[in-house]
Amino acid sequence: MGYLYALGSAVTGGLIPVLSKLLLVNVKPLTISALVFLVAGLILFPYRPKDLPGRRSVGWMVATGLLGAALAPALYLYGVDQTSAINAALLTNAEVFFTAVLAFLVFKERLKRKQLLESILVVAGIVVVSTDLDFSSVQLLHGLTGNLLILGSSIVWALDNNLSRITSQRFGPIFVSKFRNIFGGGLLLGFLLATSASLTVPAPALPLLFLYAADIALATLTFMAALVRIGAVRALLVFSTTSIFGSLFAVAGLGETITLIQASGGALILLGVYLIHKSEGV
């Protein structure tokens with residue numbers, strides 16, 4: 001079930017880049033992040049509405065919300081704005097590496113030796129899909145500030161992935177999904193209000209914004225459920241198939257194309273995930 005939840009999160013996560021591109025036409029990036037995370041949490045609020053953060057849980061919810069739903073998205077969006085698209089696509093893959101390092105060194109999570117080799121297939125596939133093996137445009141010293149911001153967002157998300165595993169085990173995936181997003185979106189919204197930033201959302205964009213929020217809610221919930229069952233590293237390796245679904249949704253919704261090289265990268269990801277799952281003995 002953990003692998004199925006992670007796969008479900010990858011499918012819903014694959015819609016995020018498409019919805020982002022459609023909304024960015026009329027809405028500023030940080031406004032999108034603040035509103036969709038806040039609304040995503042509120043969507044889940046009717047489920048056990050009396051189940052509110054208490055003394056034991058409120059600190060955890062503020063921490064994961066600040067990290068995963070406010071700080072990391074802000075660093076990423078500012079980074080993307082200051083570097084090339086191919087640099088951003090390549091550097092975003094560092095989240096898998098940082099998550100694995102933190103899970104191993106700090107949280108004592110382990111992969112089997114065989115799974116370490118199989119995870120290399122997944123990471124290689126991610127790089128192939130995101131870059132199409134066109135490294136001529138990769139200039140890591142160009143837009144250095146943006147590159148460092150994206151790496152920073154990967155580190156923050158990696159920490160959030162590991163903390164969210166702990167909080168989901170303690171308080172439940174639905175509880176964490178609700179209040180992580182409410183606190184994160186609320187903190188980011190408060191920052192925007194404090195800096196007098198524009199929060200304008202044109203009326204025609206509102207249905208798309210609510211659809212985006214619902215997608216975030218479902219993606220977060222299924223990812224948290226996966227974290228509880230299979231841990232941060234395995235969940236993120238399976239979630240990396242989101243690059244495949246994202247490409248397919250981009251073809252269907254934005255008219256983009258998939259090259260044979262990218263399709264081969266997708267096959268590497270699927271093969272790696274299948275082998276990791278198979279080696280669990282289930």
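The values are calculated or read from the model by the stated rules, or taken from the named source; none is laboratory data. The structure displayed is predicted, hence computed values, not measured ones. Positions of Cβ are generated from backbone atoms using ideal geometry, with glycine treated the same way; all protein chains shown enter the neighbour counts. These accessible areas exclude ligands, DNA and RNA; they are computed on the full protein's heavy atoms, side chains included. Shrake-Rupley method; radii C 1.70, N 1.55, O 1.52, S 1.80 Å.
Residues in the stretch 194-210: is at least one in contact with a Ser or Thr (Cβ under 8 Å, 6 or more places away or on another chain) and either crowded, with 19+ Cβ neighbours inside 10 Å or without any contact (Cβ under 8 Å) to a residue 60 or more places away in the chain (or both)? No, the stretch 194-210 contains no residue that is in contact with a Ser or Thr (Cβ under 8 Å, 6 or more places away or on another chain) and either crowded, with 19+ Cβ neighbours inside 10 Å or without any contact (Cβ under 8 Å) to a residue 60 or more places away in the chain (or both).
Number of residues in the stretch 212-221 that are open to solvent by 20 Å² or more (accessible area, probe 1.4 Å) and either more than 11 Å from I16 (Cα to Cα) or among the charged types (D, E, K, R) (or both) equals 2.
Specify which of the listed residues (L67, L71, L105) is closer than 23 Å to R180 by Cβ, open to solvent by 60 Å² or more (accessible area, probe 1.4 Å) and either among the hydrophobic types (A, V, I, L, M, F, W, C) or at pLDDT below 75 (or both).
On the way: L67 fails: open to solvent by 60 Å² or more (accessible area, probe 1.4 Å); L105 fails: closer than 23 Å to R180 by Cβ.
Exactly one residue qualifies, and that residue is L71.
Yes or no, residue by residue, for (1) aromatic (F, W, Y); (2) assigned to a helix (DSSP H, G or I):
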{"position": "L187", "(1), (2)": "no, yes"}
{"position": "V201", "(1), (2)": "no, no"}
{"position": "P204", "(1), (2)": "no, yes"}
{"position": "L209", "(1), (2)": "no, yes"}
{"position": "Y212", "(1), (2)": "yes, yes"}
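Between residues in the stretch 229-253 that are in contact (Cβ under 8 Å) with a residue 60 or more places away in the chain and part of a helix (DSSP H, G or I) and residues that are basic (K, R) and open to solvent by 30 Å² or more (accessible area, probe 1.4 Å), which pairs lie under 6 Å by C-beta distance while being six or more apart or on different chains? Listed by first residue and then by second, the contacts come to A232/R165. Here F175 fulfils each of the conditions (1) open to solvent by 20 Å² or more (accessible area, probe 1.4 Å); (2) more than 27 Å from T83 (Cβ to Cβ) apart from (1). If I filter the stretch 16-26 for residues that are of a type in the set (K, R), open to solvent by 30 Å² or more (accessible area, probe 1.4 Å) and closer than 29 Å to L270 by Cβ, do I get at least one hit? Within the stretch 16-26 (the criterion being of a type in the set (K, R), open to solvent by 30 Å² or more (accessible area, probe 1.4 Å) and closer than 29 Å to L270 by Cβ), the answer is yes, since at least one residue qualifies.
Any residue that is out of contact with any helix residue (DSSP H, G or I) (no Cβ under 7 Å at 6 or more places or on another chain) and among the charged types (D, E, K, R) - is there at least one of those in the stretch 6-24? Checked against the condition, which is being out of contact with any helix residue (DSSP H, G or I) (no Cβ under 7 Å at 6 or more places or on another chain) and among the charged types (D, E, K, R), the stretch 6-24 yields no hits at all. Tell me yes or no: at least one residue of the stretch 233-248 is open to solvent by 60 Å² or more (accessible area, probe 1.4 Å) and more than 24 Å from I155 (Cα to Cα). Yes, because at least one residue in the stretch 233-248 is open to solvent by 60 Å² or more (accessible area, probe 1.4 Å) and more than 24 Å from I155 (Cα to Cα).
The set of residues in the stretch 27-58 being touching a Pro at 6+ places or on another chain (Cβ under 9 Å) and surrounded by fewer than 20 Cβ atoms within 10 Å (Cβ to Cβ) consists of P29 alone.
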